[in-house]
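Just below is one structure, and these are the notes that go with it.
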Amino acid sequence: MNAQKLVDTARALVAGDKGLLAMDESNPTCNKRFAKLGIPQTVEARRAYRELILTTPRLGECISGVILYDETIRQERKDGTPFMKVIKDAGIIPGIKVDAGAKDLAGHPSERITEGLDGLRDRLAECSRIGARFAKWRAVIIIGDGIPSRGCMEANAQVLACYAALCQEAGLAPIVEPEVLMDGDHTLERCREVTENVLRTVFNQLYLQRVMLEGMILKPNMVLPGLTCPKQETVDEVADATVRCLLRAVPAAVPGIAFLSGGQPAELASARLNAMNVRFKSQMPWALTFSFSRAIQQPALEIWRGEEAQVVAAQRALYHRALCNRAARRGEYSAAMERT
Ligand code: 13P
């Protein structure tokens with residue numbers, strides 16, 4: 001294992017004021033989002049959409065790394081340029097999602113376990129050969145009546161740790177993503193309690209599997225009230241609850257924390273990240289940034305709708321969200337940015 005290479009990659013992903021762009025939606029997820037907007041659910045439409053994202057002018061000013069889906073990593077621009085070359089020319093680090101999705105966890109009604117460890121060592125070697133420098137694995141934790149169970153949290157944490165260890169063996173920096181979902185009417189306090197528990201469980205397993213914390217990135221949820229909870233806390237309250245939880249549960253050796261957006265409105269995700277960086281900058285041992293999919297892509301997707309004539313306008317919207325999140329990382333985002 002080349003430890004320095006892993007540390008360099010992890011640090012580069014969270015360097016300066018940039019963040020990550022997740023564009024690794026599986027085909028079923030991507031197709032679902034396309035279907036809602038009347039976009040054809042074809043390989044060509046997915047390729048064209050990913051070309052739109054990756055050829056957005058000046059994307060590399062705000063984005064340090066992109067997370068690709070398996071289908072995308074081998075695709076090309078219409079003019080034949082491989083996407084991997086487009087990414088590298090933009091000064092962006094390519095990464096890939098390597099999990100096989102969340103499935104029902106046996107014996108645990110309504111809970112999930114992420115699959116994909118079988119054959120992972122060989123797949124990681126192939127990803128590295130193609131040029132990926134980091135990988136991602138998402139575990140899903142659902143809050144509900146009596147859940148998450150200890151069994152679900154431990155099982156997902158163990159699998160995440162086995163994945164992370166295999167990544168480091170292959171020279172790829174792992175992004176470790178335990179996502180506590182926003183769905184439900186639970187309170188912010190319940191989300192905080194579950195998130196802290198999940199993170200402690202994950203870091204315990206990472207320790208047991210000898211994962212080098214300096215060579216990985218954590219991708220957690222923000223601590224939020226459930227989507228249908230009647231009480232919705234302010235931006236500052238969310239920022240306080242989230243950073244306090246992370247300070248308790250995430251070791252200082254981790255170079256960076258990059259949030260998923262989880263279905264939050266794009267502007268709110270920027271405002272919350274901004275508040276965390278404004279209120280806690282000097283107290284945090286790790287960089288605090290973004291690794292959003294929907295909160296960067298959704299406005300652009302809604303403008304594009306599969307129309308060639310809309311590509312430039314969609315790219316402008318994508319760049320705008322990337323720029324807002326870069327400002328949030330510096331603690332310089334304001335609602336006024338949304339009016340420009
Ligand atoms: P969202 O930002 O849309 O939650 O997606 C992030 C991600 O990578 C999910 O795995």
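The values are calculated or read from the model by the stated rules, or taken from the named source; none is laboratory data. Just so it is clear, the model here is predicted, and its values are computed rather than measured. Note that each Cβ is placed from the backbone with ideal geometry, even for glycine, and that neighbours are counted across all protein chains shown. Note: areas computed on protein heavy atoms with side chains; ligands, DNA, RNA excluded. Shrake-Rupley method; radii C 1.70, N 1.55, O 1.52, S 1.80 Å.
Would you confirm, using the coordinates I've provided, whether Ile67 is over 16 Å from Trp304 (Cα atoms) and either surrounded by fewer than 20 Cβ atoms within 10 Å (Cβ to Cβ) or touching a residue at least 40 places away in the same chain (Cβ under 8 Å) (or both)?
Spelling it out, Ile67 is indeed over 16 Å from Trp304 (Cα atoms) and either surrounded by fewer than 20 Cβ atoms within 10 Å (Cβ to Cβ) or touching a residue at least 40 places away in the same chain (Cβ under 8 Å) (or both).
Which of the residues belonging to segment 154-167 are more than 14 Å from the ligand (Cβ to nearest atom) and buried (at least 23 other Cβ atoms within 10 Å of the Cβ)?
Scanning segment 154-167 gives Ala157, Ala161, Ala164, Cys167.
If you go through segment 82-110, how many residues are within 16 Å of the ligand (Cβ to nearest atom) and over 20 Å from the mean Cα position of the chain (by Cα)?
The qualifying residues number 0.
If we scan segment 269-287, do we find a residue that is closer than 19 Å to Phe34 by Cα, of a type in the set (D, E, K, R), within 16 Å of the ligand (Cβ to nearest atom) and in contact with a Ser or Thr (Cβ under 8 Å, 6 or more places away or on another chain)?
no
For the subset of segment 281-307 comprising residues that are touching a residue at least 24 places away in the same chain (Cβ under 8 Å) and over 22 Å from the mean Cα position of the chain (by Cα), which member is nearest to Glu61 (Cα to Cα)?
Trp304
Considering segment 165-208 alone, what residues qualify as being closer than 13 Å to Val223 by Cβ, in contact (Cβ under 8 Å) with a residue 60 or more places away in the chain and part of a strand (DSSP E or B)?
Within segment 165-208, Glu179 is the sole residue that qualifies.
Report, ordered by the first and then the second residue, all pairs with beta carbons closer than 8 Å, sequence separation of six or more or different chains, a first member in segment 252-263 that is on the phi < 0 side of the Ramachandran plot and free of Cβ contacts under 8 Å to residues at least 40 places away in the same chain, and a second member that is within 14 Å of the ligand (Cβ to nearest atom) and assigned to a loop (DSSP other than H, G, I, E, B).
Sorted first by the residue in segment 252-263, then by its partner, the pairs are Ser261/Ser293.
Looking at Ser291, Ser261, which one is open to solvent by less than 60 Å² (accessible area, probe 1.4 Å), in a loop (DSSP other than H, G, I, E, B) and under 29 Å from Leu166 (Cα atoms)?
Ser261
Filter segment 126-144 down to the residues that are open to solvent by 60 Å² or more (accessible area, probe 1.4 Å) and either farther than 14 Å from Ile67 by Cα or part of a loop (DSSP other than H, G, I, E, B) (or both) and list them by number.
Glu126, Arg129, Arg133
Search segment 182-195 for residues being touching a Leu at 6+ places or on another chain (Cβ under 9 Å) and under 30 Å from Ala165 (Cα atoms), and hand back the single one that is surrounded by the fewest Cβ atoms within 10 Å (Cβ to Cβ).
For segment 182-195, the residue satisfying everything is Met182.
Every residue in segment 270-283 that is surrounded by fewer than 17 Cβ atoms within 10 Å (Cβ to Cβ) and among the hydrophobic types (A, V, I, L, M, F, W, C), please.
Val278
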